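Working notes for the structure below.
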Amino acid sequence: PHETPPLTRHTPQQESQVSSIFSRDYASELPTAVRGEGVYLYDADGKAYLDGMGSAGVVGIGHGRTEIYQALAAAGDKVPFAYSAQFTTPWQEEFGKSILSVAPKGIESVYFVSGGSEANETALKLARQYHLERGDTQRQKIISRWQSYHGVTIATLSLSGRTSWRAPYTPYMLPVIHIAPPYEYRCAYCKDKGGCTLDCADELERAINLEGPETVSAFFAETIVGTTASGLVPRPDYYKRIREICDRYGILFVADEVLAGYGRTGRPFAIQDWDVVPDMITCGKAIGSGYAPLGAVLINDKITNFFRESRKRFVHGFTYSGHPTSCFIGQQVFNIMSKEGLFTRAAEIGKHLHARLNALQQRHACIGEVRGRGLYGGVEFVADRATRAPFPAEMNFTSRLVSGMKERGVIIGGGVPGANFGQGGDHIQITPPFIVSEAEIDILVDALDDTIGAIA
Ligand code: PLP
């Protein structure tokens, strides 16, 4: 399980997805988005699209919040760009305090970057330097999970377990070992055992011992698996077990909440449902809500105090680390989230989404599983519910579903079984803005009902 699948296992269909940016004529295929308001985007022809994917899980507070631009216009002349190696700014300090105020207890400091991949790159390097400064010079390996996504740079791609995106870039620059994800619906460990055995969590310990604990730096996991398998929510005791194993061997636990965090699950951070404090939480997407490119690494007291007390400098820094305008906008997004209760609203409104999706499962035999939490709705499709066999790749189920939805004016995200070398079925991601209403969820699920019916 630790070997990277060779490129030869990449089918022509998967190849074409990987190279689609070159082969697809974007100008003729993609509508031009010219306006956004609430949960809707409008194209140049005036067609409205319900943004059921929240534009890749980014837009939390909704489109077209003009108060953000008004605040920037009012304060803009006071927000200079200042290089973060030479200055801090009130905007970075203020937003830093704000985001830490909703983070789990034990998280002490923050490092701002421009997006999710940068956040994970930063966490990787901070973990390495932390061990190095403490004399643990061999701790260079990382453990992560298959069917995960941590970013698109070479380092974060090595970390990811999204095989179709990884395969063209082997060999990687980082020694990364992948273990099984908590994918109960298709788990090789527990499928004959009448339910979850947590063997997938224990695989972490086996991998650590096989590699040598003194060589492992960190374990990275998406708290709730997003794009690559749509909403895998581990059992309530999964992360406690992960935390214990990491602590036993002095390995840092990094929770990637670029997609699942900042209100998506009905808590400020998804990991708060497991009552576990990671060593770092990586963030992106909703913290800027699409109004500015923004990412962050939230860092616990152990690492923060080590760097503070030893007076070591983190050898890192993008030109745009702590970008003042991005942080200023991050603060405006935070203000709206706080004022409108959007850090927790997904818990309530998400009940409606999940009730509607569960009812849809009763109507369509091709829905194998409905999963996710709050305003993360994941649906996996199967050709046969009893055997859980996926649809054949030639059927192009997900792309037909996603484009059928788009024709009906609703945007959702989708993943195909081939993206993971057959590990899993077609699946879709529903991640609307946190302001979505029940009526808008109904429009989305009705369109899904109609589109599935048309394909089936
Ligand atoms: N981590 C997760 C869980 C993600 O979903 C993503 C993006 O989809 C990333 C990291 C990468 O973030 P970005 O695209 O902002 O670099």
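What full-extension length gain, to one decimal in nm, is calculated for residue 275 and residue 306 as 0.36 nm per residue of separation minus the Cα-Cα distance? Intermediate values should be presented prior to the final figure.
Details: separation 31, 0.36 × 31 = 11.16 nm, distance 2.37 nm.
Once the chain is fully extended between residue 275 and residue 306, it gains 8.8 nm.
Which value at 222 nm does the chain reach when only helices count, each DSSP H run of 4 or more adding -39,500 (n - 2.57), with the total divided by all residues and rounded to the nearest 500 deg cm²/dmol? Mind dumping the intermediate values first?
Numbers: 16 runs with 168 residues, N = 456.
When only DSSP H runs of four or more count, the value is -11000 deg cm²/dmol.
Taking 0.36 nm per residue of sequence separation and subtracting the Cα-Cα distance, how much length would be gained by fully extending the chain between residue 67 and residue 439, in nm to one decimal?
Details: separation 372, 0.36 × 372 = 133.92 nm, distance 2.48 nm.
Extra length available between residue 67 and residue 439 comes to 131.4 nm.
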Practice task
Report, by chain and number, residues whose modeled amide H sits under 5 Å from the one on residue 115, excluding near sequence neighbours (fewer than 5 apart, same chain).
Solution key: 295
Practice task
Within region 260-280, find all residues whose amide N lies under 12 Å from a label point positioned 7 Å from the Cα of residue 240 along Cα-to-beta-carbon.
Solution key: 274-276
Handout entry: Eligible lysines near residue 406 by straight Cα distance, threshold 26 Å, same-chain separation 8 or greater
Key = 47, 285, 351
Handout entry: Residues with amide H under 5 Å from that of residue 145, placed H, sequence gap 5 or more
Key = 179
Exercise for the section: Among the listed pairs 105/240; 105/302; 125/312; 78/339, give every one whose C-alpha distance is greater than 19 Å. Expected result: 78/339
Handout entry: the chain, dipole about Cα centre (Lys/Arg Cβ +1, Asp/Glu Cβ -1), debye to the nearest 20
Key = 680 debye
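Packing-wise, with mean Cβ within 10 Å as the measure, how do 215-225, 197-207, 280-290 rank, highest first? Each step should come with its number before you reach the end.
Values: 215-225: 25.9, 197-207: 18.3, 280-290: 27.7.
Result, highest mean first: 280-290, 215-225, 197-207.
Please give me the summed charge of the neighbours of residue 236: other residues whose Cβ is under 11 Å from its Cβ, Lys and Arg +1, Asp and Glu -1.
That sum, taken over residues with Cβ under 11 Å, equals 0.
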Completion exercise
Given all pairs of distinct Cα atoms, the chain yields a Kirkwood Rh in Å of 22.6 Å
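Assuming R0 = 35 Å, can you tell me the calculated FRET efficiency for the pair residue 363 and residue 393, based on Cβ-Cβ distance, to the nearest 0.05? Don't skip to the end; give the middle numbers.
Numbers: r = 25 Å, r/R0 = 0.72.
After rounding, the FRET efficiency stands at 0.90.
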Problem - Amide N proximity, region 230-261 versus residue 455 label position 7 Å along Cα-to-Cβ, cut-off under 19 Å - result: 230-232
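A short reminder: the numbers here are calculations on the coordinates, not readings from a lab. Keep in mind the model is a prediction, meaning the values are calculated, not measured. Because the Cβ atoms are built from the backbone with ideal geometry, glycine has one as well, and the counts that use them run over all protein chains shown.
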